[in-house]
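Input: a single structure, listed below in C-alpha cells.
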Amino acid sequence: TEWGPLGPADRDLLVKVRLAGLWEAPTGQQAQQQASRAEVQTVGTNIHAEHVELDRLVLETADQLGVLVPSRPTAEQLSWMNEMSGLTGTDYDRV
C-alpha cells in the first residue's frame, strides 16, 4: 500500500475489530434497554457509541486497503447475542 506493506497481522486486526463491533455494538445498545442497573446501562451506552465509531473507522480503513471484513457476527457471537437477548433485569446484569 502507499503506507507500507500490508501483512497478515494487519488484515487479521481489521477482521477481528470488525467482528468485535458486529456483536458488541448491538449488545451495548441492548444493555441500555434490558439491564436494570444504571451502571450496566451506562456501560452499554458507552460500548455502543465507541463501537459505532470504531466500526466506521475499520470499514473506512479496510476499504482503503482492500481488506475484506465480515458483515455478520460469527456463530459463537450470535449464540451469545441470542442468550443475552432473552434476559432482562438482574439476569441481564449478571451476564
Checklist entry - Based on what the data block shows, is Trp23 touching a Leu at 6+ places or on another chain (Cβ under 9 Å), more than 23 Å from Ser71 (Cβ to Cβ) and not polar (S, T, N, Q)? => result no
Item to check | Counted residues, segment 1-18 - those being open to solvent by 60 Å² or more (accessible area, probe 1.4 Å) and in a helix (DSSP H, G or I) | outcome: 7
Next on the checklist: Can you find, within segment 52-67, the residue that is surrounded by the most Cβ atoms within 10 Å (Cβ to Cβ) among those that are under 10 Å from Arg18 (Cβ atoms) and free of Cβ contacts under 8 Å to residues at least 40 places away in the same chain?
Outcome noted: Asp55
Checklist entry - Can you tell me which residue in segment 19-51 is surrounded by the fewest Cβ atoms within 10 Å (Cβ to Cβ), limited to those that are small (Gly, Ala, Ser) and outside any helix (DSSP H, G or I)? => result Ser36
Checklist entry - Would you pick out the residues in segment 24-53 that are within 9 Å of the chain's Cα centre (by Cα) and of a type in the set (A, V, I, L, M)? => result Ala25, Ile47, Val52
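Filtering segment 69-92 down to residues that are in contact with a Leu (Cβ under 9 Å, 6 or more places away or on another chain) and outside any helix (DSSP H, G or I), which residue is nearest to Ala9 (Cα to Cα)?
Restricting attention to segment 69-92, the residues satisfying the condition of being in contact with a Leu (Cβ under 9 Å, 6 or more places away or on another chain) are 69-74, 77.
Add one more test, that the residue is outside any helix (DSSP H, G or I), and what stays is 69-74.
Numbers: Val69: 14, Pro70: 16, Ser71: 20, Arg72: 21, Pro73: 20, Thr74: 20 Å.
Looking at residues that are in contact with a Leu (Cβ under 9 Å, 6 or more places away or on another chain) and outside any helix (DSSP H, G or I), I get Val69.
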Checklist entry - Which of the following residues is free of Cβ contacts under 8 Å to residues at least 60 places away in the same chain, farther than 18 Å from Val95 by Cβ and not charged (D, E, K, R): Ser71, Ser79, Ser36? => result Ser71
Checklist entry - Here are some conditions: (1) surrounded by fewer than 13 Cβ atoms within 10 Å (Cβ to Cβ); (2) modelled with pLDDT under 95. Ser79 meets all but one. Which one does it not meet? => result (2)
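The values are calculated or read from the model by the stated rules, or taken from the named source; none is laboratory data. Everything numeric in this text was worked out from a predicted model, so none of it was measured. A quick note on method: Cβ atoms are made from the backbone with ideal geometry, for glycine too, and the neighbour counts reach across all protein chains shown. When the accessible area is computed, the model is the full protein with side chains, heavy atoms only, and any ligands, DNA or RNA have been set aside. Shrake-Rupley method; radii C 1.70, N 1.55, O 1.52, S 1.80 Å.
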